[in-house]
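The values are calculated or read from the model by the stated rules, or taken from the named source; none is laboratory data. Just so you know, these numbers come straight off a predicted model, no measurement behind them. Note that each Cβ is placed from the backbone with ideal geometry, even for glycine, and that neighbours are counted across all protein chains shown.
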Amino acid sequence: MLGTFLENKRSKLNQQMEQQIYSMQIPEKLRESILYSIEAGGKRIRPVLLLAANEAFGGMEDRALAPACAVEMIHTYSLIHDDLPAMDDDDVRRGKPTNHMQFDEATAILAGDGLLTAAFHVITANDHLTDREKVFLTRELSKASGAEGMVAGQMLDMEAEEKTLSLEELEAIHRHKTGELLRFSAVAGAFIGGANPTQLRQIETYANYIGLLFQVQDDILDVIGEEGEIGKPVGSDVTNHKSTYPQLLGLEGAIEHKQKYAERARAALKEAGVDSSLLEDLIDYISDRKN
């Protein structure tokens, strides 16, 4: 069921995002750079999570597609900027040259800026959302992606290089850098679907643990993954002097911690009182992914 859902939603999301980008009146080189990163692939976990949460609460897909595209556009912008020489200085992303290697640094920066701002236009210009929903989504997405969310996480991550962190410090980085967009995705989908305030709080808790689960698996794959599957060199975290779960807890300890996050995510989902096999299956999908 999850496999079919993922395949179907990814296809729709890719089509929607490409339509948005082709509709923009922008220089052709900028369009090529944006499309290069959008079309590079990716699991589309954030928008799929949003669509799954929306469906779990009885929402209609056509009302959730715009914010789903928006969150993936912001995620793609963050990857373009993370790869820059001033940040992680990566040459390969998803098995292809990074955006600044394929084009140039200035174009990559502008492509990221364009995706970030276009994401909010996608939400506010959508006719399927109410004004109240647009305000909620804009407020939550700007916080999740901005200085209190993902941007803060990137800053904390950079400051932590070549330092030994505590588990609490490591979790704080990943709650911001990775977890905030996942939190937004789950809460946004549930909100559009009609979840009540109590359910929204539990879905938020579920998403917070999903975010940590995603990152610990990322760290594990950097140790034991296959380069052809993960799309980047194995061991890049060590090369970039980053603190990771395996470094802090050992590989077995990281695997055990991953299981704890998964259990807590399931418990929060149960407390939300929504019977969604898709949201539960996503826990296993994120935990067991190979790339």
- Give me a count of the residues in the stretch 1-24 that are farther than 25 Å from Asp281 by Cα and of a type in the set (Val, Ile, Thr). 1
- Task: Kindly provide the set of residues from the stretch 19-45 that are surrounded by fewer than 24 Cβ atoms within 10 Å (Cβ to Cβ) and in contact with a Leu (Cβ under 7 Å, 6 or more places away or on another chain), ordered by number.
- Result: Ile21, Leu30, Arg44
- Could you please find all residues in the stretch 149-178 being at pLDDT 95 or above and part of a loop (DSSP other than H, G, I, E, B)? Gly149
- With Ala119, Ala144 as the choices, which residue is touching a helix residue (DSSP H, G or I) at 6+ places or on another chain (Cβ under 6 Å), farther than 20 Å from Ser33 by Cβ and crowded, with 16+ Cβ neighbours inside 10 Å? Ala144
- Query: Going by the structure shown, is Ser78 part of a helix (DSSP H, G or I), under 25 Å from Lys9 (Cβ atoms), free of Cβ contacts under 8 Å to residues at least 60 places away in the same chain and not aromatic (Phe, Trp, Tyr)?
  - Reply: no
- Query: When you scan the stretch 24-66, how many residues do you find that are of a type outside the set (A, V, I, L, M, F, W, C), farther than 25 Å from Asn208 by Cα and at pLDDT below 95?
  - Reply: 2
- Name the pairs: first residue in the stretch 21-49 and at negative phi and part of a loop (DSSP other than H, G, I, E, B), second residue of a type in the set (Phe, Trp, Tyr) and at pLDDT 95 or above, Cβ to Cβ under 8 Å, at least 6 apart or on different chains? none
- Query: Which residues, taken from the stretch 202-231, are closer than 20 Å to Lys43 by Cα, acidic (Asp, Glu), modelled with pLDDT of 60 or more and part of a helix (DSSP H, G or I)?
  - Reply: Asp218, Asp219, Asp222, Glu227
- Message: Taking the criterion of being under 27 Å from Gly273 (Cα atoms), of a type in the set (Gly, Ala, Ser), touching a residue at least 24 places away in the same chain (Cβ under 8 Å) and buried (at least 22 other Cβ atoms within 10 Å of the Cβ), would at least one residue in the stretch 59-67 satisfy it?
- Response: yes
- Query: Going by the structure shown, is Thr107 out of contact with any Lys or Arg (no Cβ under 8 Å at 6 or more places or on another chain) and β-branched (Val, Ile, Thr)?
  - Reply: no
- Counting only residues that are over 18 Å from the mean Cα position of the chain (by Cα) and more than 14 Å from Ser37 (Cβ to Cβ), the stretch 88-103 contains a total of 2
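Here is a yes/no grid of residues against (1) aliphatic (A, V, I, L, M); (2) at positive phi; (3) modelled with pLDDT of 90 or more:
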residue: Pro233; (1), (2), (3): no, no, no
residue: His241; (1), (2), (3): no, yes, no
residue: Ala265; (1), (2), (3): yes, no, yes
residue: Ser277; (1), (2), (3): no, no, no
